[in-house]
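Quick notes on the structure that follows.
The values are calculated or read from the model by the stated rules, or taken from the named source; none is laboratory data. Not measured: the values here are computed from a predicted model. Note that each Cβ is placed from the backbone with ideal geometry, even for glycine, and that neighbours are counted across all protein chains shown.
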Amino acid sequence: MTRTAAAFWLDSPGQGAIRPVGLPEPGPGDVLVRTLFSGVSRGTETLVFDGRVPAGQHAAMRAPFQEGDFPGPVKYGYLNVGVVEEGPAALVGRTVFCLYPHQTRYVVPAAAVTEVPPSVPAGRAVLAGTVETAVNALWDAAPLIGDRIAVVGGGMVGCSVAALLARFPGVDVQLVDADPARAQVAAALGAGFALPGDALGDRDLVVHASATEAGLARSLELLRPEGTVLELSWYGDRSVALPLGEAFHSRRLTVRGSQVGTVSPARSGSRTHADRLALALDLLADPALDVLVTGECAFEELPDVLPRLATGELPALCHRVRYGR
């Protein structure tokens, strides 16, 4: 008898549903995972939900276990924590993280899951993919002891970057966001906070993660001469203007892109994707990161919740989805 599970599918932009899916029989090197939690990465997943993945980026934006194609029907997502029910003896009963979409059970190669350390609760482990993005960004940025750094954009990625930077010795890190409520999040993470108009300048490094044109322009304004903006935002199908005709050249500023799809060139010779993800999970032992989970719903509610996340009616950093309760 074919085993089945339930999965969230985006049928067309702005319209999703939960559908039954068949599960393959696990092979000798596979695991069957029962999902405990998944996470909605609000920035990327709402762009996908709205059908705003540019045609030229369809291949680059594919999630590891995505089914279907943009703009839909497509099964998309990459923050999944579950327990192994079948597979190699060393993994059975273990809590694992996988870059899998929103689905109640799934079968993947054992190499595709990473064991969650005992020090990390399953509900917090859904942040692993975003903290992994932050790790890669800081490998790209290479901050130095004593640096003055701004993180512009207090979303899920920006807050994760600020949380890691707050651990660097002597680093002055300020989270910059238009929402005053992000001040409480910054304080919990050990970072300073400012509204865009009040942000401190003369920064050695600015990490931009607001996904807004205004945020990118403000990031350039906050730099010291010869400083660098590390661009983490993904704008989907939007064009963005950049003020390169002002002091950009005379101050010898740099804008550099960073993307989690490949390991940073600074570490690609010595670290693998698996190493990077394992490090992210280890870093999640810090309970301060719980502040990044700002909402929760049952899996069955996801078709109604995602439209509210996409419109901003339901504000969120990471929205957690719970299964089987």
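In this structure, is LEU302 surrounded by 17 or more Cβ atoms within 10 Å (Cβ to Cβ), in contact with a helix residue (DSSP H, G or I) (Cβ under 9 Å, 6 or more places away or on another chain) and modelled with pLDDT of 95 or more? Quick ask: steps written out before the conclusion?
Working: surrounded by 17 or more Cβ atoms within 10 Å (Cβ to Cβ): yes; in contact with a helix residue (DSSP H, G or I) (Cβ under 9 Å, 6 or more places away or on another chain): no; modelled with pLDDT of 95 or more: yes.
Considered against the rule, which asks whether it is surrounded by 17 or more Cβ atoms within 10 Å (Cβ to Cβ), in contact with a helix residue (DSSP H, G or I) (Cβ under 9 Å, 6 or more places away or on another chain) and modelled with pLDDT of 95 or more, LEU302 comes out as no.
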Inset, instruction - Kindly list the number of the only condition in (1) surrounded by fewer than 24 Cβ atoms within 10 Å (Cβ to Cβ); (2) touching a Lys or Arg at 6+ places or on another chain (Cβ under 8 Å) that fails for PHE168. - result: (2)
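Yes/no per residue for (1) farther than 24 Å from ALA285 by Cβ; (2) within 14 Å of the chain's Cα centre (by Cα); (3) surrounded by fewer than 15 Cβ atoms within 10 Å (Cβ to Cβ):
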| position | (1), (2), (3) |
| --- | --- |
| PRO71 | yes, no, no |
| GLY87 | yes, no, no |
| GLY93 | no, no, yes |
| TYR100 | no, yes, no |
| ALA111 | no, no, yes |
| PRO118 | no, no, yes |
| PRO121 | no, no, no |
| LEU127 | no, yes, no |
| ALA141 | no, no, no |
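Before we move on, is LEU10 assigned to a strand (DSSP E or B), assigned by TED's automatic domain parsing to the domain that holds TYR106 and over 22 Å from PRO109 (Cβ atoms)? Working first, answer last.
Numbers: assigned to a strand (DSSP E or B): yes; assigned by TED's automatic domain parsing to the domain that holds TYR106: yes; over 22 Å from PRO109 (Cβ atoms): yes.
Yes, satisfied.
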Legend entry - Count - residues of segment 171-201 that are touching a Pro at 6+ places or on another chain (Cβ under 7 Å) and either surrounded by 20 or more Cβ atoms within 10 Å (Cβ to Cβ) or of a type in the set (D, E, K, R) (or both): 1
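For segment 269-287, how many residues meet the condition of being in a loop (DSSP other than H, G, I, E, B) and surrounded by fewer than 13 Cβ atoms within 10 Å (Cβ to Cβ)? Talk me through it step by step, then tell me what you get.
As a first pass, look at segment 269-287 and keep what is in a loop (DSSP other than H, G, I, E, B): 269-272, 284-286.
With surrounded by fewer than 13 Cβ atoms within 10 Å (Cβ to Cβ) added as a condition, the list becomes 269-270, 272.
Result for segment 269-287: 3.
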Inset, instruction - Please give the number of the condition ARG94 fails out of (1) at pLDDT 95 or above; (2) under 29 Å from LEU47 (Cα atoms). - result: (2)
Inset, instruction - Might you let me know whether segment 28-36 holds any residue that is part of a loop (DSSP other than H, G, I, E, B) and more than 19 Å from the chain's Cα centre (by Cα)? - result: yes
